[in-house]
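Report on one structure; see the data block that follows.
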Amino acid sequence: MERKQLPTAFIWNPFRELARLEQEINKLFNEFIPAQRTENIAVAPIIPKVDVYETEDKVIVEAEIPGVKKEDIDIKIKDNNVIIRGEVKREEEKQDKNFFRAERFYGKFERVIPLFVEVKPEEAKAKIESGILRLEIPKATAEKEISIKVE
């Protein structure tokens, strides 16, 4: 018996449509007024993309946060949720420049990631490398079943 594959679900993202519209408008301006400069300012919210997976003994959260320094990151674990807050800061020497195009995101962000297993937040470890934040959280060990003899 042959199994039919179901089509992959499509998730509509309104921000993707707005970004596409912005690109088309900028393209029109650049085609019709090439001598004029156009400014493209990134105004969409910063939402770090994450991968969350588990091994036998821990939960691992990896978040893309390029341009964020470790001192600008705040990580909390509360009610079995990982809360990542941070800020991408614009370099001081670039703030007074006359930009032709400014597309990189600057500002504060927050991402709340629910965990579906019990963890030991007090033993969590985090590091950042090449713009990827890696958080390792040990799983809470399940209580072992103990037999009790009746006296």
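The values are calculated or read from the model by the stated rules, or taken from the named source; none is laboratory data. All figures in this text were calculated on a predicted structure; none of them were measured in a lab. Methodologically, a virtual Cβ is constructed for each residue, glycine included, from the backbone with ideal geometry; neighbour enumeration extends over all protein chains shown.
The table for this structure:
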{"read-out": "Subset of the range 11-41 (residues that are among the basic types (Lys, Arg) and either farther than 21 Å from ASN98 by Cα or modelled with pLDDT of 70 or more (or both))", "value": "ARG16, ARG20, LYS27"}
{"read-out": "Among (1) modelled with pLDDT under 95; (2) closer than 25 Å to PHE105 by Cα - the single one ASP79 does not satisfy", "value": "(2)"}
{"read-out": "Residue count, the range 108-151 (criterion: exposed (fewer than 13 other Cβ atoms within 10 Å of the Cβ), touching a residue at least 60 places away in the same chain (Cβ under 8 Å) and under 19 Å from ARG85 (Cβ atoms))", "value": "2"}
{"read-out": "Sole residue being surrounded by 11 or more Cβ atoms within 10 Å (Cβ to Cβ), modelled with pLDDT under 85 and out of contact with any strand residue (DSSP E or B) (no Cβ under 9 Å at 6 or more places or on another chain), chosen from ALA102, ALA44", "value": "ALA44"}
{"read-out": "Meets criteria (touching a strand residue (DSSP E or B) at 6+ places or on another chain (Cβ under 8 Å), modelled with pLDDT of 85 or more and loosely packed, with under 10 Cβ neighbours inside 10 Å) for ASP57", "value": "yes"}
